[in-house]
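Scroll down for the structure; my scribbles are underneath it.
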Amino acid sequence: EAYAKELAKTHTKHLFSFGIDAYRYRTTPQNLDFVIINDTIQQRNDFYNDDVSVFIEDSYQITGNMLLYAGLRVYKFWNYAEIDANDGWSRPSKPLSSHVPVAPLVALSYRRDEKSTYKMSYSHNVQATHLASLSSVPLPNDIWVMSSASLKPATAHQISLTYSRLLGFGAFST
């Protein structure tokens, strides 16, 4: 399930945007059926996860050739586990874990001419979904696992410097 809404407002040299994203995940890290003689045992570990983020961003045209972009996204993750409720599965009302990471982003772009652009940016990235590989080689039985009390969301700082130039075709840049 997903919900996303974004609103934008332009004011002179500014373009302000803000919005909200909401997701609900059901993750089954393993779904195994065992047949032992005449008995079937089903082993399931399902997790429910809610992910809500709110963001605000601004693109500011400093000059005709220079653009400053700044944004902030605040995430909220909840992790729930399924419990046995007399022959059924239900979602507990209380989360097992909760995380609130913040992800800022700043970028500056300078357009030297019609074909050349310089860019630099910084961002702090957050990822709540982890690939749990069972070996060093990717296999079909690798599983995706959401963040939990023991597995915090992954975060990373990224700094980039870029020079971009349109080639003669107009559709490619290097």
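The values are calculated or read from the model by the stated rules, or taken from the named source; none is laboratory data. All values derive from a computational prediction rather than experimental measurement. All Cβ positions, glycine included, derive from the backbone under ideal geometry; neighbour counts span all protein chains shown. What goes into the accessible areas is simple: the full protein's heavy atoms, side chains included, and nothing from ligands, DNA or RNA. Shrake-Rupley method; radii C 1.70, N 1.55, O 1.52, S 1.80 Å.
Couple of notes before you dig in:
- Tally of residues being of a type outside the set (Gly, Ala, Ser) and over 19 Å from the mean Cα position of the chain (by Cα) across region 100-147: 18
- Top-ranked residue in region 135-149 [being within 16 Å of Thr27 (Cβ to Cβ) and of a type in the set (A, V, I, L, M); ranked as least open to solvent (accessible area, probe 1.4 Å)]: Met146
- Residue list for region 150-160, filter: among the aliphatic types (A, V, I, L, M) and open to solvent by less than 60 Å² (accessible area, probe 1.4 Å): Ala154, Ala156
- Matching residues in region 1-29 - criterion: being among the charged types (D, E, K, R), at pLDDT 80 or above and open to solvent by 90 Å² or more (accessible area, probe 1.4 Å): Lys13, Arg24
- In region 30-101, counting only strands (runs of 3 or more DSSP E) that sit wholly within it, the ones holding 1 or more residues that are at pLDDT 55 or above and in contact with a strand residue (DSSP E or B) (Cβ under 7 Å, 6 or more places away or on another chain) span 47-61, 66-81, 97-99.
- Here is the figure for region 119-134: residues that are open to solvent by less than 40 Å² (accessible area, probe 1.4 Å) and of a type in the set (A, V, I, L, M) total 3.
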